[in-house]
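Asks: Below you will find the structure I want to go over with you.
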Number of protein chains: 2
Amino acid sequence: MRILLHRRDGVYEDWLAAFAHYLPEAQVVVWEEGKAIDPCDYAVLFVPPPGILADLAKVKAIFCTGAGVDALLKLGEQLPPVPIVRLADAGMGVQMAEYVTHAVLRYYRRFDDYQVVARQGLWEQLPAYDKQDFTVGVLGAGALGSHVIGALRHFGFPLRAWSRTPKDLSGVACYHGPAQLDSFLQGLRVVVCMLPLTPDTANLLDRARLSLLAPGGYVINVARGGLLAEPDLLALITAGQLAGATLDVFRNEPLPPQHPFWQEPRITITPHISALTLCREAVEQISGKIRAMARGELVADIVNRTLGY
Amino acid sequence: MRILLHRRDGVYEDWLAAFAHYLPEAQVVVWEEGKAIDPCDYAVLFVPPPGILADLAKVKAIFCTGAGVDALLKLGEQLPPVPIVRLADAGMGVQMAEYVTHAVLRYYRRFDDYQVVARQGLWEQLPAYDKQDFTVGVLGAGALGSHVIGALRHFGFPLRAWSRTPKDLSGVACYHGPAQLDSFLQGLRVVVCMLPLTPDTANLLDRARLSLLAPGGYVINVARGGLLAEPDLLALITAGQLAGATLDVFRNEPLPPQHPFWQEPRITITPHISALTLCREAVEQISGKIRAMARGELVADIVNRTLGY
């Protein structure tokens, strides 16, 4: 069995070692621009370089090493008509939960404000926010969204979730479908964006929808920059209608040096680190699925190309 | 039934309203320096003003409106020999869990470092810490400590707890008693101090004990300033042996303007807000206990004056 492997960062050592451990029967071939490669059975990649298409011609499946497959699906019909399999959690759920929980608690407990006060050498208790005014809504209630909701539940925030199809999550007000999106957003103090980027979700959080949040609301985006209308968010924060945002993803990454977000202290920027792909966990999961496919079994997490995730 | 009420901040409105709601049969008397007061049946207070002692002479019990009774017990034998009852949780557990979880995640996910990098306009992924190197130990495994441990457990940190008497907490390495304190501290990346301040625990975290933490370790103190040798902590941080501290409590509060902690950016200071007494929850709990006592029943959370909590 031959596996074609591509890493955008060009660092292969850990990945080759993990495949040697979890799938020792496979021959793993590192893809390189211009290198002649014999046909492979499976491909493992995230953001595909254009030149890789010819080498995907004979694969039986493509495994994406991230949760989001938007970069891969951009290739559209150029991709061979084989299953595309996305990573399911693989250690990303807990990382997302850490990131989002930290940001929500930071806002709710006013730790940013306390930091400002302390830097002035002031001992000053600030009025506490009321949890009843701090409804947190999670856009996207799949494996990762559910993990985040599970972490937030422990702290007693009023919770909402929105997903494409109906879900039933204990202690969470669940909304679904386009018709319920505005009701979901209405009055949220914090919206957490965890949706896949698809033609249906692009620009979902625009000025009209962001204006449904509670005054003083916050936006946390850990999904894809394309879900959020960046100038609209900035305008609402500058106007004081929204209180701030914590953003891990952007339209253009790295976020360009001249982007106005850098100059806005109410926007917290992290460089797409909310959930890193963990090499060991990813290779373990992909190896299991490859073996199942080789035995002719069905595997989970096959992307629906029409839905885009 | 007459209840003597004292609030250090002099703000009584919410407390009187809550007692009117939860214990309407009681007459609540606000204590004032120099005011003649008829004997009361119960006293409700936190830090007692010296002049209040005479008015405590005939009470049947003293209810403390905080979790820590060290300020009250300082009066020693001047206090009447009646039960002293401390507040049990009453909404403080979840607040402590919020505060501590936020601080642990902030350190573990390097959000302080990311803030520094972002302020320079840099897009730079920092090496992630390994959770296996991030053992969190909670000193004090009572109602509040258990609540904090429950929140941290969700994120998969290796956990330890230390308490005076043996405890058994699922998924937590439990230590107890003075003989096991050093083993508990050895190699911790984060120590969370949640102990009562008693003669046995004063200065517990001194240079020798803090030196047992892992290099690059962190201290979170949400209990009492007297548990921590402040100059020792500062010296270890300045020397780079410890990486930082998040402190909500101090030897002297408000923290004096000239205190060196204000000048150390690796020390995060908050003004004793990790868990505020929630008026409604506190009065509901105290009212229930007063009624039980009036019926001659035993109540929980009576302070052991010898142990000091």
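Asks: Of (1) within 14 Å of chain B (Cβ to nearest Cβ); (2) in contact (Cβ under 8 Å) with a residue 24 or more places away in the chain; (3) open to solvent by 40 Å² or more (accessible area, probe 1.4 Å), residue A:245 satisfies all except one. Which?
Replies: Against the list (1) within 14 Å of chain B (Cβ to nearest Cβ); (2) in contact (Cβ under 8 Å) with a residue 24 or more places away in the chain; (3) open to solvent by 40 Å² or more (accessible area, probe 1.4 Å), residue A:245 comes up short only on (3).
Asks: Could you check residue B:284 against (1) outside any loop (DSSP other than H, G, I, E, B); (2) acidic (Asp, Glu); (3) in the same structural domain as residue B:225 (by TED's automatic domain parsing) and say which number it fails?
Replies: It is condition (3) that residue B:284 fails.
Asks: Looking only at segment B:139-180, filter to residues that are of a type in the set (Val, Ile, Thr) and closer than 23 Å to residue A:152 by Cα; which one of those is farthest from the chain's Cα centre (by Cα)?
Replies: B:172
Asks: Output the residue which, of all residues in segment A:105-125 that are within 9 Å of chain B (Cβ to nearest Cβ) and of a type in the set (A, V, I, L, M), is most open to solvent (accessible area, probe 1.4 Å).
Replies: A:122
Asks: Separate question: In segment B:227-238, how many residues are out of contact with any Phe, Trp or Tyr (no Cβ under 9 Å at 6 or more places or on another chain), in contact (Cβ under 8 Å) with a residue 24 or more places away in the chain and not aliphatic (A, V, I, L, M)?
Replies: Summing the residues that are out of contact with any Phe, Trp or Tyr (no Cβ under 9 Å at 6 or more places or on another chain), in contact (Cβ under 8 Å) with a residue 24 or more places away in the chain and not aliphatic (A, V, I, L, M) in segment B:227-238 gives 2.
Asks: Do you know which of the residues in segment A:144-178 that are away from every other protein chain (no Cβ under 14 Å) and of a type in the set (Gly, Ala, Ser) is nearest to residue B:97 (Cα to Cα)?
Replies: A:171
Asks: Please find, within segment A:126-143, the residue that is nearest to residue A:200 (Cα to Cα) out of those that are within 12 Å of chain B (Cβ to nearest Cβ) and among the aliphatic types (A, V, I, L, M).
Replies: A:128
Asks: Still on this structure, I have one more. Being under 19 Å from residue B:281 (Cβ atoms), more than 10 Å from chain A (Cβ to nearest Cβ) and in contact with a helix residue (DSSP H, G or I) (Cβ under 8 Å, 6 or more places away or on another chain) is the filter here; which residues of segment B:68-97 pass it?
Replies: Answer for segment B:68-97, where residues must be under 19 Å from residue B:281 (Cβ atoms), more than 10 Å from chain A (Cβ to nearest Cβ) and in contact with a helix residue (DSSP H, G or I) (Cβ under 8 Å, 6 or more places away or on another chain): B:85, B:87, B:88, B:89, B:90, B:92, B:93, B:96.
Asks: Sort out which residues of segment A:61-90 are closer than 21 Å to residue A:223 by Cβ and part of a loop (DSSP other than H, G, I, E, B), and write them in order of number.
Replies: Within segment A:61-90, A:65, A:66, A:67, A:68, A:69, A:74, A:75, A:86, A:87, A:88, A:89, A:90 meet the criteria.
Asks: Select from segment A:260-281 the residues that are part of a helix (DSSP H, G or I) and more than 9 Å from every other protein chain (Cβ to nearest Cβ) and write down the one among them that is most open to solvent (accessible area, probe 1.4 Å).
Replies: A:280
Asks: Would you confirm whether any residue within segment B:283-298 is open to solvent by 10 Å² or more (accessible area, probe 1.4 Å), of a type in the set (S, T, N, Q), within 14 Å of another protein chain (Cβ to nearest Cβ) and touching a residue at least 24 places away in the same chain (Cβ under 8 Å)?
Replies: no
Asks: For segment A:73-89, how many residues are buried (at least 23 other Cβ atoms within 10 Å of the Cβ) and at pLDDT below 95?
Replies: Going through segment A:73-89 one residue at a time, the tally reaches 1.
Asks: Also, quick follow-up: Given the conditions (1) within 14 Å of chain A (Cβ to nearest Cβ); (2) assigned to a loop (DSSP other than H, G, I, E, B); (3) of a type in the set (A, V, I, L, M, F, W, C); (4) touching a residue at least 60 places away in the same chain (Cβ under 8 Å), and given that residue B:100 satisfies all but one, which numbered condition is not satisfied?
Replies: Result: residue B:100 passes all but (2).
Asks: Going by the conditions given, is residue B:239 more than 12 Å from every other protein chain (Cβ to nearest Cβ), in contact with a Leu (Cβ under 9 Å, 6 or more places away or on another chain) and of a type outside the set (Val, Ile, Thr)?
Replies: Answer is no for this residue.
Asks: Now, a different point. May I ask you to verify whether residue B:65 is open to solvent by less than 40 Å² (accessible area, probe 1.4 Å), within 11 Å of another protein chain (Cβ to nearest Cβ), under 30 Å from residue B:176 (Cα atoms) and within 16 Å of the chain's Cα centre (by Cα)?
Replies: So residue B:65 does not fit the description; no.
The values are calculated or read from the model by the stated rules, or taken from the named source; none is laboratory data. What you see is a predicted model; the values in this text were computed from it and never measured. Every residue, glycine as well, gets a Cβ built from its backbone with ideal geometry; the counts of neighbours run over all protein chains shown. Surface accessibility is based on the protein's heavy atoms, side chains included, excluding ligands, DNA and RNA. Shrake-Rupley method; radii C 1.70, N 1.55, O 1.52, S 1.80 Å.
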